[in-house]
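Trainee: What follows is a structure written as structure tokens; I'll ask about it next.
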Amino acid sequence: MIVERENYSTFADQYTIQSKDRAMKLLPIFNRKKKQYKTALVLSGGAARGFAHIGVLKALNEHGIYPEVVSGVSAGALAGVLYCDGYTADEIFSIFKDKSLLRFASITIPRDGLLGIDNLGKVLRESLRAKTFEELQIPFYCNATNLNDGVSDYFHQGELVPRIVASASIPVLFKPVYIDNITYVDGGVLDNFPVRPIQGKADHIIGVHVNPTGREEQIKGLIQIAERSFHVSVNSRIKEMAQKCDLFIQPDKVNQYGLLNASAGQELFELGYEKAREVLKKHPLRLQAVKAS
């Protein structure tokens with residue numbers, strides 16, 4: 001198995017320098033040297049909030065933006081791999097909705113986790129036409145947290161389903177996934193916005209973050225406490241990583257929807273769609289640069 005291991009020392013942004021007070025951008029968006037891909041898309045984790053990713057994808061396509069490489073984690077890995085397999089945004093929404101995120105979970109005896117996600121693998125095997133990363137129509141990366149070595153492993157080769165399931169296995173809530181004698185949990189634990197695999201490979205990077213924390217007035221029960229703790233921990237570096245994107249889209253109000261609230265799929269889809277349209281309208285020059293590259 002070939003994976004890329006996380007090394008935080010490599011996260012330095014090649015387009016910025018650190019001054020005494022702040023980072024100053026060196027190169028304007030129109031003058032960047034062309035890379036392997038024109039446009040890259042980064043999709044964060046967010047469980048049921050991943051419906052918002054689908055809305056963003058629809059808006060991007062409507063504006064003539066078709067990413068040539070995608071990197072996703074957890075819910076972003078689910079939406080991303082289906083998109084890279086050739087599904088349209090509407091088709092992905094149907095898969096998410098008809099085979100609800102809640103149906104992915106099957107109740108198990110709580111030893112490694114409260115819920116098993118064996119059904120997620122079944123749904124992916126039924127839906128994906130490609131069986132390996134190499135067979136996808138669009139290059140795709142996903143990441144999962146390697147608990148044995150305490151690092152984030154980035155996958156772009158090999159069998160798809162076990163690696164996608166590992167990327168979405170939220171610790172405590174879901175059982176871990178075992179690949180080649182390595183114990184994996186949700187990739188968002190160490191990197192919930194996987195820009196690293198595609199950094200330096202694309203002229204333009206579009207990032208979509210659907211997991212803002214916001215303020216919670218009441219947090220009760222084991223599930224809510226586990227959910228909130230996970231959300232707070234995975235967002236610790238999002239501001240830093242967002243600076244690496246030419247366009248950063250974070251739908252409003254998605255934090256009002258719970259981790260497993262798949263019944264709100266239509267509302268979350270609309271929030272992603274409308275926010276993407278708003279950002280694209282607000283930054284016409286950046287949109288023009290992305291489309292012209």
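Trainee: Order 186-198, 135-147, 269-281 from most to least packed using the mean count of other Cβ atoms within 10 Å. Mind dumping the intermediate values first?
Mentor: Numbers: 186-198: 26.2, 135-147: 22.5, 269-281: 20.0.
Highest to lowest by the protection proxy: 186-198, 135-147, 269-281.
Trainee: From the phi angles alone, apply the Karplus equation (6.51, -1.76, 1.60; θ = phi - 60°) to the stretch 240-247 and give each ³J(HN,Hα) in whole Hz, x where the residue is Gly or Pro.
Mentor: Each residue of the stretch 240-247 in turn: 4, 6, 5, 5, 8, 9, 6, 10 Hz.
Trainee: Oh, and also: Could you state how much accessible area GLU91 has, in square angstrom rounded to the nearest 10, with a 1.4 Å probe and all protein chains kept in place?
Mentor: In the full protein context, GLU91 sits at about 80 Å².
Trainee: I'd like the accessible area for ASP98, computed on protein heavy atoms only with a 1.4 Å probe and all protein chains in place. Round to 10 Å², please.
Mentor: 100
Trainee: For a quick check: with amide H placed at 1.01 Å from N, whose amide H comes under 5 Å from THR183's, ignoring anything fewer than 5 positions away on the same chain?
Mentor: LEU147, ASN148
Trainee: Okay, next question. How high is the FRET efficiency between LYS97 and ASN148 when r is their beta carbon distance and R₀ equals 30 Å, given to the nearest 0.05?
Mentor: Details: r = 36 Å, r/R0 = 1.20.
It comes to 0.25.
Trainee: Here is a further query. Which sequence of HIS283, HIS204 reflects their accessible areas, 1.4 Å probe, from the largest down? Please report the intermediate quantities before stating the final value.
Mentor: On the way: HIS283 60, HIS204 10 Å².
In descending accessible area the options line up as HIS283, HIS204.
The values are calculated or read from the model by the stated rules, or taken from the named source; none is laboratory data. The structure presented is a predicted model; accordingly, all values stated were derived computationally and were not measured. Every residue, glycine as well, gets a Cβ built from its backbone with ideal geometry; the counts of neighbours run over all protein chains shown. Just so you know, the surface numbers come from the protein's heavy atoms only, side chains and all, with ligands and any DNA or RNA stripped out. Shrake-Rupley method; radii C 1.70, N 1.55, O 1.52, S 1.80 Å.
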